[in-house]
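Undergrad: Below: one structure in structure tokens.
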Amino acid sequence: MQLACVNSAKSSVWRSCTPPFLRRCISVHSEASQGRDKKSSVNALVYVANKENAAVIQGPLNGVSVAIKDNICTASMPTTCSSGMLADFTSPYDATVVDLLQNAGAHFVGKANCDEFGMGSLNTYSIHGPVINPFQSKLDKGKWVDREQRSAGGSSGGSAAAVAAGMCDAALGTDTGGSIRLPASYCGVVGYKPSYGLISRHGVVSFADSLDCVGILAKDVATVQRLNSVISAFDPRDPTALPVEIRRKAYDAYTTRTPGSFEGIRFGIPQEYFPSELSPTALEPTSRVLETLKSLGGTLVPVSLPSTPYALSAYYVIASAEASSNMARYDGVQYGLKVKPEPSALEGDASNRGKVDIRDIYAQTRSTGFGPEVRKRILLGTYALRADAFDNYFQQALRVRHLVRDDFNRVFRVPDARFEESIPVETDCNSPDIDFLVHPTAICPAPLLSEAPNSQGSLDTYVQDVLTVPASLAGLPAVSLPVSSESDSGERGDGWPMGVSIVGQWGCDETLLNVSRELAEGMS
Amino acid sequence: MLSSLRHGLSPLNILRRRRLHTRRGDLLNRWPGWEVVIGIEVHAQIRSRAKLFSDTLTSELGQPANTHVSAFDAAFPGTLPRLNHKCVDLAVRTAVALNSNVQRSSSFDRKHYFYFDLPAGYQITQHYAPVSLGGYLKIDGDIPIRIKQIQLEQDTAKLIVEPRTRTPYIDFNRAGSALMEIVSEPDLTSPEEASNYVIRLQRLLRAIGSCDGSMEKGSLRCDVNVSVNRPGSPPGTRCEIKNLNSIKFMYAAIKCEIQRHISILNSSPHASVPQETRGFNEDTFETFKLRSKEDAPDYRYMPDMNLGVLRLTEDYIQGIRQTMPELPDAAWVRLQQRYSLSDAQIAVLLAFDSEKEIPYDGEAFRDGPVAYFERVAALTENPRVACNWVTNELVGQLTARRETYNDNTVTAEQLAELINLVRDKILTRSSGQQLLRYMLDNPSQTASPTELAHKLDLIAMSHSSGSASATMVTPAKPAADLHALCVAAIEGLPSEAEAFRRGNKNVLNKIVGHVMRASRGRADALAAKQALEELLNDHQT
């Protein structure tokens, strides 16, 4: 079957070709965004929870307000994944993470805007319209509502912006290749992507199962930790959840540290993470972080992760292939958008002309319901999975993924607890034996929305993810800490925040978060 | 239950097959100058309580549509698969029974295509690394048909088209149920062998409890690959016939396909059969083209990243081996050696045994006719007699009542006592049958056949009191009764009695028949004959 979606993908801004019935939904959602002046100028929340219905459960998260990314299933609120396909969809059940938060007494403010099904780096591919970064640079002297229109990053742009704009204390996001860390960097908040397999994906709408992680965005690390202690739990409903013994093994390997001291902790600086695309403004925050680490007693070690340059291509092959598979269920048969098929526009034998072919039913619904970026990735992934392309693309990408993982295992002091006999690739005594990696989260601060590349453009937009995908491919935990660029007289920066990432070995999340918190405290 | 009888599992069919069991060469002259190569993919629904990747209970045919569906089964966003290990147990049990090599690690893949019966747009199957490789199943005594592989996969939903409006409806009850795909090597050489292979496989799967084997219910479906070539030439182009759902249709489809290939190849020296996927028209008994090789879909197989690698330890496989129910061939040998039953008796007993209800999830079978027979045999003297009572009398009567062994209410102890009463001539065989019928009509676990026989006045009449067992109630009265009946018969048939006395010995049978009828089966024919002879001769003298 051919995916007949090429024709309708011509218009560059998807919203302009949104069918009328979808525009209706959008307007309904926008009106629901109360506090119009502030909230509608950010467009972070696409559904605002009804406060009266908020359940009052006594628990450790009482008083904590949380936004849920719109690709995480909630039975009490719609789950649109920012897609025309699910514009009217409400899930019949709650995701495990939603259950856990609710039972811990958290209060939900609503559903957060995102790129369609999590595919995008700028949160511009959404039936709800783009998220506008709530940050205003001190160099920008105008009114806040007239601030520079910059991207909030994606795909968890709504989650990051909602936290940055003070609409909630924390937000759940998902991170497949950087979708939490990138918007955290652009919006100036903390973004935490956990080790793969620690937080349940049950009820999280799959984009690429082997990469998808639920994570947390918040103003500070302590809030991230409060939520994490509730949602980081083994869930039998998630077949990729790692069992308790393995979590324990990884935790034990990292707990030799004295709290409050970075004495003896080795921080690796990967040379490949400073590519030519990196803007000079991105470098300065990282340098300040490194200085702080040193002043706190940490040891800085230059390291090399030589497979890094291949990671981005491998990531896009794997993620697109998995996406093309996961998107196959959106066909309008069971739920979601269904377009009444017009007689065949497909080529084929004349006998079919004028009749509705089964392919029309699928093609017309899917071409209408999916936005341009999702359509593009479905086509990319479908190509990569063809019988004659599978070895050269998908299998090759999996091999690169192994190399990327080997790179990490070579530099970390502790082996990866997921693999039984995690023999170091080379048992050479020159291993840098590092505990954490430190690198810029993004290659630049938040880009202007007017300069956001559209899906017809080149693959340039994917460069945004170049620094975040290796940890995703290896399933490693990462925290992006916001570093303002203002303290240094403002000359070198444009006043916009930048994220610096701390990455650890698989399963070291607790120590990683503690170190990140202490580092953030040391920075201020 | 009767379905399997209709589909070739009946004792008679099995007997006939064994007797007719042909050597391979015999069939060659049916299509002189041609060799036939057949391979079969059997899709067998695993007899598990829940579906392969969800907690939803599996459904039986005829249950209301869409009553066995969870969010996962309907491919709702955010749902994830969770492997049901009971299905793995049964697939491994099947693999072990087929002498197949269970893989220490296997994995699941997605097979993509768009159709209404496939809610996720892909089927989870085992394309790259199936759970078991190799193996064989012997047919027709000792011909091994090699197994290529056994893989686990999801069943699809069922598409029902409303005929008047041609509106398609989807029933998700079946969606996501576990299937084993058992792929044979192309080792079969005739439609007969193909049929026998599937019948043997059905019996095996039923015996080990991994599938109910019913083609009628759709629990077992076949795709058949057929090709034809000249002896000595490489195999011809194969055509696959999809979705054959009875042995009869499979047999007809293969035969039709062979003839079609031969007529194409005969049409010109350069003719070749185009590679096609074909269907079978159950009305015309012909195959028809579904799609050509060019239209073959690219399924874009991809590893399922959620399910990871299925690792099985040697201990686990050993455990499955040790808890394996007895296979039909082993049962055959045991029944032959321990009880000296005839082939015919064993065939019938095993055929009935194979109809026993199959428990879910590989749990222990309730005792079937074989176990029942063995308990009866332990309490009686002659196993062959016991076997006849179980198969001919008990199951025979149940069948006449449109019931099966599963409806039996007579305990092994009760039947054994009844058999012993007959052995000891306290009951005639005919009275024993009557008593059995009464016990089936009036179920009671505690009723004693001896007491019932007295209560129902079924105790045999005998002319000599010495023939009865000492432990039994003395049959003096019945002997007297027999005497009285014989006297009455002679009085009632004076001309026949006279004829006998004049030397027409054959007429005695008529008088015996009269006595038998009057005794309601309680009289022993031989005893009656003796008694009559004595009476008539006495009178003469």
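Undergrad: Which is in the same structural domain as B:L201 (by TED's automatic domain parsing) and either of a type in the set (D, E, K, R) or buried (at least 22 other Cβ atoms within 10 Å of the Cβ) (or both), of B:R334, B:R311, B:R338, B:R375?
TA: B:R311
Undergrad: Got a number for residues in segment A:50-97 being under 22 Å from the mean Cα position of the chain (by Cα) and basic (K, R)?
TA: Number of matching residues: 1.
Undergrad: Limited to segment A:117-174, what total is found for residues that are open to solvent by 10 Å² or more (accessible area, probe 1.4 Å), farther than 22 Å from A:Y330 by Cβ and of a type in the set (S, T, N, Q)?
TA: Residues that pass the stated criteria total 2.
Undergrad: It is to be established whether one or more residues within segment B:80-88 are open to solvent by less than 20 Å² (accessible area, probe 1.4 Å) and assigned to a helix (DSSP H, G or I).
TA: Scanning segment B:80-88 turns up at least one residue that is open to solvent by less than 20 Å² (accessible area, probe 1.4 Å) and assigned to a helix (DSSP H, G or I).
Here is a yes/no grid of residues against (1) part of a helix (DSSP H, G or I); (2) in contact (Cβ under 8 Å) with a residue 12 or more places away in the chain:
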site	(1), (2)
B:G319	yes, no
B:E326	no, yes
B:A331	yes, yes
B:R334	yes, no
B:L341	no, yes
B:V348	yes, yes
B:F352	yes, yes
B:I358	no, yes
B:D361	yes, yes
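Undergrad: Related question: Tell me yes or no: at least one residue of segment A:430-451 is modelled with pLDDT under 95, closer than 23 Å to A:P302 by Cα and polar (S, T, N, Q).
TA: Looking for residues that are modelled with pLDDT under 95, closer than 23 Å to A:P302 by Cα and polar (S, T, N, Q), one finds at least one in segment A:430-451, hence yes.
Undergrad: Something else: In the set A:P275, A:P270, A:P285, A:P259, which member is open to solvent by 40 Å² or more (accessible area, probe 1.4 Å) and under 23 Å from A:I434 (Cα atoms)?
TA: A:P259
Undergrad: So which residues in segment A:261-290 are within 17 Å of A:T441 (Cα to Cα) and among the charged types (D, E, K, R), if there are any at all?
TA: A:E272, A:E277, A:E284, A:R288
Undergrad: Restrict the check to segment B:107-119 and report whether at least one residue is of a type in the set (S, T, Y) and closer than 30 Å to B:E192 by Cα.
TA: So far as segment B:107-119 goes, no, none of its residues is of a type in the set (S, T, Y) and closer than 30 Å to B:E192 by Cα.
Undergrad: I would also like to ask the following. Report whether or not B:K138 is touching a strand residue (DSSP E or B) at 6+ places or on another chain (Cβ under 7 Å), away from chain A (no Cβ under 14 Å) and surrounded by fewer than 22 Cβ atoms within 10 Å (Cβ to Cβ). Break it down into steps so the answer makes sense when it comes.
TA: Values: touching a strand residue (DSSP E or B) at 6+ places or on another chain (Cβ under 7 Å): yes; away from chain A (no Cβ under 14 Å): yes; surrounded by fewer than 22 Cβ atoms within 10 Å (Cβ to Cβ): yes.
Yes, satisfied.
Undergrad: Turning to a different aspect of this structure: Restricting to segment B:514-534, name every residue that is open to solvent by 20 Å² or more (accessible area, probe 1.4 Å) and part of a helix (DSSP H, G or I).
TA: Correct list: B:H514, B:M516, B:R517, B:A518, B:A525, B:L526, B:K529, B:Q530, B:E533, B:E534.
Undergrad: Restricting the first residue to segment B:106-133 and requiring it to be free of Cβ contacts under 8 Å to residues at least 12 places away in the same chain, which pairs with a second residue that is open to solvent by 30 Å² or more (accessible area, probe 1.4 Å) and assigned to a loop (DSSP other than H, G, I, E, B) meet a Cβ separation below 9 Å and a spacing of at least six or different chains?
TA: Filtered contacts from segment B:106-133: B:F114/A:M1.
Undergrad: Can you pull out the residues in segment A:367-388 that are open to solvent by 10 Å² or more (accessible area, probe 1.4 Å) and facing chain B (nearest Cβ under 9 Å)?
TA: Scanning segment A:367-388 gives A:T382, A:R386, A:A387, A:D388.
Undergrad: Somewhere in segment B:278-297, is a residue within 14 Å of another protein chain (Cβ to nearest Cβ), surrounded by fewer than 14 Cβ atoms within 10 Å (Cβ to Cβ) and acidic (D, E)?
TA: So far as segment B:278-297 goes, yes, one or more of its residues are within 14 Å of another protein chain (Cβ to nearest Cβ), surrounded by fewer than 14 Cβ atoms within 10 Å (Cβ to Cβ) and acidic (D, E).
Per-residue answers, yes or no, for (1) out of contact with any Phe, Trp or Tyr (no Cβ under 9 Å at 6 or more places or on another chain); (2) touching a residue at least 60 places away in the same chain (Cβ under 8 Å); (3) farther than 26 Å from B:S340 by Cβ:
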residue	(1), (2), (3)
B:Y372	no, no, no
B:E381	yes, no, no
B:A386	no, no, no
B:T404	no, yes, yes
B:A412	no, no, no
B:L418	no, no, no
B:D441	yes, no, yes
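Undergrad: Name, by its number, the condition in (1) touching a residue at least 60 places away in the same chain (Cβ under 8 Å); (2) among the small types (G, A, S); (3) open to solvent by 20 Å² or more (accessible area, probe 1.4 Å) that does not hold for B:A71.
TA: (1)
Undergrad: Pick from B:F108, B:F116: which is open to solvent by 20 Å² or more (accessible area, probe 1.4 Å), within 14 Å of another protein chain (Cβ to nearest Cβ) and not charged (D, E, K, R)?
TA: Checking each option against the conditions leaves just B:F116.
Undergrad: Same structure again: Here are A:A319, A:A328, A:A323, A:A314: which of them is modelled with pLDDT of 95 or more, in a helix (DSSP H, G or I) and away from chain B (no Cβ under 13 Å)?
TA: On the way: A:A319 fails: away from chain B (no Cβ under 13 Å); A:A328 fails: away from chain B (no Cβ under 13 Å); A:A323 fails: away from chain B (no Cβ under 13 Å).
Within the list A:A319, A:A328, A:A323, A:A314, the selection yields A:A314.
Undergrad: Which fully enclosed helices (runs of 4 or more DSSP H) of segment A:193-306 have 3 or more residues being on the phi < 0 side of the Ramachandran plot and either among the hydroxyl-bearing types (S, T, Y) or within 14 Å of chain B (Cβ to nearest Cβ) (or both)? Spell out the reasoning first.
TA: Working: elements: A:221-231, A:244-254, A:280-295.
Correct list: A:244-254, A:280-295.
The values are calculated or read from the model by the stated rules, or taken from the named source; none is laboratory data. All values derive from a computational prediction rather than experimental measurement. For neighbour counting, all protein chains shown are included, and Cβ atoms are generated from backbone atoms with ideal geometry for every residue, glycine included. In case anyone asks, the SASA skips ligands and DNA or RNA and just uses the protein heavy atoms, side chains included. Shrake-Rupley method; radii C 1.70, N 1.55, O 1.52, S 1.80 Å.
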